[in-house]
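Visitor: Pasting in a structure now, in C-alpha cells, and then I'll have a few things to ask.
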Amino acid sequence: MSSLNHCIKFELDIKDENIVFKDYFYKSIKLQKHKIYEAELIQPACPFCGSLALLHNGHLIANI
C-alpha cells in the first residue's frame, strides 16, 4: 500500500481494503476551496457468491 493511500485512509478512517486512493486535488466550489480525493473500488470477486466473472464496464463518480 502506498504511503499516500495509507495516509488518506487513516485521515478519513476508512477500513475497506478494496478502496484504493489514487490522488487528491483542490477545487473551488461556490467560492470555497475543497480537497477532492480520487479513489477506485477494486472488487476482484463478487462479495455474495465469490464469482470471479465480474463485469467491470465503467466508473461511477460519487460524492462521499
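Since every read-out is calculated from the coordinates, none of them should be taken as a lab result. In this text, all values refer to a predicted model and were calculated from it rather than measured experimentally. When we count neighbours, we look across all protein chains shown, and the Cβ atoms used for this are built from the backbone with ideal geometry, even at glycine.
Visitor: Kindly put Cys49, Cys7 in sequence by how many other C-beta atoms sit within 10 Å of each C-beta, fewest to most.
Guide: Neighbour counts put them in this order, fewest first: Cys49, Cys7.
Visitor: How do Lys9, Lys33 line up, fewest other C-beta atoms within 10 Å first?
Guide: Fewest-to-most ranking of Lys9, Lys33: Lys33, Lys9.
Visitor: Do any GluC sites (Glu not before Pro) in the range 1-42 lie in a loop, going by DSSP, with at most 15 other beta-carbon atoms within 10 Å of their beta carbon, and if so which?
Guide: Glu17
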